[in-house]
Amino acid sequence: MKTLELTVGNVTAHLKVCEATTLMGLRRGKIAAEAGNEDNPLIWFARRFMYPDLMACTIGEIDGKPVEELTFDEFLALPDQVTDAWLAAVYEVNPHWQPRLPEPAEQEKKR
């Protein structure tokens, strides 16, 4: 488990990132499946990877609101420093969840 205590601007976050359990993995998959076919690739990536990874294994609060009640739009409005630190903690505790892009050499071989 990793604890984060962050204040960026007027946003304060008290978060505990937990080691993933099977149930958390299932929750992550369910949230990711709700990403749908977003037209904006940046929004789709955030809905498909970032938001599910953060929400599935974190407890705590942001500005007094329980993190499990954080909507996707509220997530997008968070300061980047909060999101970056939170993602880093999630992938430190659960490295197997980190999205992996193909190596450039592998992409070239496929062309």
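Quick look at the values:
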quantity: Folded to 0 to 90 degrees: helix 22-33 orientation relative to the chain principal axis, Cα; calculated: 70
quantity: Radius 14 Å from Cβ of residue 16, net charge of other residues (Lys, Arg +1; Asp, Glu -1); calculated: -4
quantity: Positive minus negative residues near residue 67 (Lys, Arg vs Asp, Glu; Cβ under 11 Å); calculated: -3
quantity: Cα gyration tensor, the chain - rounded (a/c under 1.5), prolate or oblate; calculated: prolate
quantity: Candidate aspartates and glutamates for bridging to residue 2, where Cα separation is under 13 Å - those fewer than 8 sequence places away on the same chain excluded; calculated: 19, 92
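Every read-out reported here was derived from the displayed coordinates using simple, explicitly stated rules and does not represent laboratory data. None of these values were measured; they are calculated from a predicted model. For neighbour counting, all protein chains shown are included, and Cβ atoms are generated from backbone atoms with ideal geometry for every residue, glycine included.
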